[in-house]
Each structure stands twice: as C-alpha cells, then as structure tokens.
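The values are calculated or read from the model by the stated rules, or taken from the named source; none is laboratory data. Predicted model, so just to flag it, every value in this text is computed and none were measured. Note that we place each Cβ from the backbone using ideal geometry, even for glycine, and neighbour counts take in every protein chain shown. The protein model used for the area step is the full one, side chains on, heavy atoms only, and it has no ligands, DNA or RNA in it. Shrake-Rupley method; radii C 1.70, N 1.55, O 1.52, S 1.80 Å.
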Amino acid sequence: MYEQEQGPLAGFTVGVTAARRADELGALLRRRGAAVVHGPALRIVPLADDTELLAATKELIDHAPDVVVATTAIGFRGWVEAADGWGYGEELLARLRGVEVLARGPKVKGAVRAAGLTESWSPSSESMAEVLDRLLAEGVSGRRIALQLHGEPLPGFVEALEAGGAEVVGVPVYRWMPPEDIGPLDRLLDGVLAGTLDAVTFTSAPAAASLLTRAEDRGVRAELLEALRHDVLAVCVGPVTALPLQAHGIDTLQPERFRLGPLVQLLCRELPARARTLPVAGHLVEIRGQAVLVDGGLHPVPPAGMALLNALARRPGWVVSRADLLRALPGAGRDEHAVETAMARLRAALGTPKLIQTVVKRGYRLAVDPAADTKYGDG
C-alpha cells in the first residue's frame with residue numbers, strides 16, 4: 001500500500017506549455033502534489049541574436065519617437081540590456097529621456113526607473129486598455145509611438161493607434177519561435193489525446209496557437225479539440241492567452257488575477273471538484289485523474305487500471321461485463337484475458353482487493369456500500 005501526505009493536486013497530471021517561467025510554474029504545481037508534463041510549445045529568440053530587435057533599436061535612436069509604451073518589466077529590462085550589449089545602451093537611454101514614457105503597471109514603472117528614466121504616467125489597473133484610452137484622449141495623429149512588445153498579441157491596440165493617425169514602431173522583445181526539440185511537445189500532445197493529462201496550462205497566446213498548429217501538422221487537430229472540449233481542462237493565465245483556444249470553441253478557465261499563483265490556486269479548486277467520491281466496501285474512495293485516494297491514502301494507478309475503474313464507477317454497484325470493460329481498455333484488442341490482467345494490476349495498485357467484486361461468468365462491479373443509497377443491479 002502506497003501512501004503519502006496529500007496535496008490538493010495529488011493524483012492529477014498537469015501539462016505545462018510555457019517556455020519562460022516553466023520551472024516556476026512546475027514547482028508550484030509539484031508542491032501541491034501534481035505530476036507535471038512539460039512540453040514547451042515555443043522557444044524564445046535570444047535577445048543578443050535578435051536582428052529585428054536590433055533594427056528597431058537603431059531606428060528609434062536615429063528617429064526619436066514621441067511616446068514609448070513599456071508593457072512588461074522583464075521585456076523592458078531585456079531591451080535595455082540587449083542594447084547595452086550591442087554598444088547602443090547609452091544612446092538608447094539618452095533618446096528615451098527626451099520622450100513621453102508610459103509604463104503599464106507598477107512592475108514596469110520599477111523597470112523604467114531602474115534604467116534611469118522617469119515614466120510620464122502609469123495606470124494603477126495595469127490595463128493596456130487604459131493606456132490606449134489615455135493615448136487616444138491625448139491625440140495620436142502624426143505622433144510616432146514605440147510599443148515594446150513581449151510575444152503576446154495586443155488585439156486592436158496597434159490598429160486603434162494607426163486609425164487615429166499614429167505611426168507605430170514595434171519593439172519585438174522576446175519573439176517566439178517553434179521549439180528546436182519538438183519531442184516534449186509531442187509527448188504532451190500525446191498525453192492530452194490519451195487522456196493521461198487532466199489539465200493543460202497556457203501562459204501565452206502564442207503557446208496555445210503553437211499547440212494547435214502542431215496538432216494540425218500531425219493530423220490530430222480534431223482529436224485535440226475534442227479532448228480539450230470535454231476531457232482535459234484548458235487553463236489560461238488570462239483572457240488574451242485564451243483567444244486562440246476560444247476561437248476553436250474550447251471553454252477555458254482563467255484566474256481573476258493574471259498571475260501564476262492564482263492560476264495554480266484555480267487548478268487546486270477545479271481538479272479535485274471533478275473527482276468522484278464513493279463509499280466502497282467500508283472505505284472512502286476518491287477517483288482522481290491518474291490515481292485513487294483510498295481513505296485519504298494516494299494509490300497511483302496505471303492507465304489501463306484507470307480505464308477499468310472509470311468504467312466501473314460510471315455504473316457504481318452494477319455488474320459491468322468483461323466485453324464492456326475490454327472496450328474501455330486502450331488498445332486491448334479482442335482478448336478478454338487483457339481485462340483480467342489489468343484488473344489484477346488495478347487491485348494490486350489499490351491495495352484493497354475487496355473494493356472490486358468478481359461476479360462469476362458475468363464481470364466485475366464496485367462493491368459500493370448499500371448505505372450509500374446507490375442502486376445495485378445486474379447491468
């Protein structure tokens with residue numbers, strides 16, 4: 001019998017598609033008991049090698065903007081550090097000292113000040129919509145606006161400025177590219193399709209789009225969409241990140257605060273709420289994604305065993321035939337002996353054989369307690 005101190009995510013497996021801050025997110029999930037499958041959907045172009053960022057930096061030094069919009073602290077710091085590495089740091093800062101600097105939120109304001117600059121204004125809401133409203137209220141016709149990008153799409157932002165007559169210069173900090181090693185992403189995708197992942201987390205819209213593109217390349221996009229619509233929870237750090245998934249009819253969950261901590265807290269509420277709890281043979285059994293809690297003790301169960309247990313739990317107390325159980329087994333073929341083998345392993349994993357009763361010549365059933373007000377029957 002295998003038991004350990006439980007976290008709220010014990011028995012669940014969560015996919016992480018992030019490239020940046022993946023270690024931090026993975027640690028937060030593991031600390032709460034989850035198993036983590038990391039399949040980065042993207043890689044970040046190193047700043048020092050980014051010719052587009054270098055070209056944008058030179059253009060702004062040569063032709064000063066009227067306004068600079070700093071959107072992220074790590075992105076703004078990275079831009080200044082990259083310019084310094086190229087030998088343009090002092091020229092860039094000297095140019096930016098003479099222009100209006102808008103900082104999206106307190107963290108960005110701190111990065112701007114750390115560079116020796118002073119922001120002209122910063123919204124307390126950290127909302128890019130509020131930044132846009134301020135710019136349009138000031139009037140943007142004929143103004144040159146440098147927009148520090150961070151790999152995230154800003155729907156309508158650039159279009160609204162250009163419609164108002166502004167010239168927008170994008171500063172592409174941390175551009176996204178497909179991962180050099182596609183193997184981990186394929187393993188994550190396989191886990192979604194096989195149902196061995198209970199949730200997938202997304203921290204950027206490009207990562208969500210990249211997973212969909214990879215599924216399309218492999219000819220399994222329809223299967224991926226079906227899994228994310230019905231079986232595997234799609235959890236996004238915010239509404240912008242969710243856009244590529246929602247465009248394909250996938251319902252997503254998002255925390256109220258767009259941060260990694262609240263995202264993990266959301267998973268800690270949602271995944272256990274999906275677990276099924278039954279009183280079986282004098283024990284309290286909670287069926288989680290990839291494991292079972294028996295009286296609070298965690299019992300990891302192999303995928304074939306989970307398939308059988310879920311089939312039995314759909315009709316608790318009823319006899320389920322070997323033929324029906326065989327159909328529930330992934331890739332089992334036609335040999336009903338595979339059911340007996342998987343059932344023996346399931347019982348061993350649960351550590352309490354009497355949870356599942358054998359009904360001679362007919363099949364198996366969960367030994368649900370009669371006091372549970374769960375109907376028994378012959379199936």
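With both labels modelled 7 Å from their Cα along Cα-to-Cβ, the Thr118 to Asp335 distance reads 8.0 nm.
Computed over the chain with a Gaussian network model linking Cα atoms closer than 10 Å, the most mobile of Leu154, Leu298, Leu309 is Leu154.
With a/c under 1.5 counting as rounded, go ahead and sort the stretch 202-290 into rounded, prolate or oblate using the C-alpha gyration tensor (a ≥ b ≥ c being the square roots of the eigenvalues; past the cut-off, prolate if a/b is larger than b/c, else oblate). Judged from the Cα gyration tensor, the stretch 202-290 comes out oblate (a/c at least 1.5, b/c at or above a/b). Principal-axis analysis of the Cα atoms of the chain puts helix 128-138 at an angle of about 20° to the longest axis.
Please give the calculated 222 nm ellipticity per residue for the chain, where each DSSP H segment of at least 4 residues contributes -39500 (n - 2.57) and the sum is spread over every residue; nearest 500 deg cm²/dmol? Rounded to the nearest 500, the figure is -12500 deg cm²/dmol. Think of the chain as having a plus end and a minus end, set by charges on the Cβ of Lys, Arg, Asp and Glu; of Pro300, Pro244, Ser125, Pro300 sits farthest toward the positive end of this dipole. Multiplying the residue separation of Ser127 and Trp86 by 0.36 nm and removing their Cα-Cα distance gives an extension gain of 11.6 nm.
Only Cα pairs under 8 Å and at least 6 apart count here; give the relative contact order of the chain as a rounded whole percent.
On the way: 715 pairs, mean separation 63.1, N = 379.
Answer for the chain is 17 percent.
Computed over the chain with a Gaussian network model linking Cα atoms closer than 10 Å, the most mobile of Leu132, Leu228, Leu193 is Leu132.
For Gly170, the amide hydrogen comes within under 5 Å of the amide hydrogens of Leu147, counting only partners 5 or more places away or on other chains and with H modelled in the peptide plane.
Treating the stretch 143-235 as a set of equal point scatterers at the Cα positions, no solvent, please give the Debye-formula log₁₀ I(q)/I(0) at q = 0.22 Å⁻¹. Normalising to I(0) and taking log10 leaves -1.05.
For the chain, the longest principal axis of the Cα atoms and the long axis of helix 337-350 meet at an angle of about 70 degrees. Average accessible surface for the chain: 46 Å² per residue, computed with a 1.4 Å probe over protein heavy atoms with every protein chain in place. Taking amide H as placed 1.01 Å from N in the peptide plane, Arg276 has its amide H under 5 Å from the amide H of Ile287, each at least 5 places away in sequence or on another chain. Available extension along the chain between Asp217 and Val360 is 46.7 nm, counting 0.36 nm per residue and deducting the alpha carbon span. Rounding to the nearest 10 and keeping the result within 0 to 90°, find how far the Cα-based axis of helix 221-230 lies from the longest principal axis of the chain. Long axis of 221-230 versus the principal axis of the chain: about 70 degrees. Just the number, please: carbon plus sulfur as a percent of the accessible area of the chain, 1.4 Å probe, no ligands or DNA/RNA counted. That share works out to 50 percent. In the context of the full protein assembly, His63 retains an accessible surface of approximately 110 Å², using a probe radius of 1.4 Å and ignoring ligands and nucleic acids.
Label zone of Ala48 (point 7 Å out along Cα→Cβ, amide N under 19 Å): in the stretch 90-133 this covers 90.
Rounded, prolate or oblate: pick one for the chain, where a ≥ b ≥ c are the square roots of the eigenvalues of its C-alpha gyration tensor, a/c under 1.5 means rounded, and failing that, prolate if a/b is larger than b/c, else oblate. It comes out prolate by the Cα gyration axes. Is any residue of the stretch 201-240 close enough, with backbone N under 14 Å, to a label point placed 7 angstrom from the Cα of Asp186 along the Cα-Cβ axis, and if so, which? Within reach of a label on Asp186, which here means backbone N under 14 Å from a point 7 Å along Cα→Cβ, the stretch 201-240 contributes 214-220.
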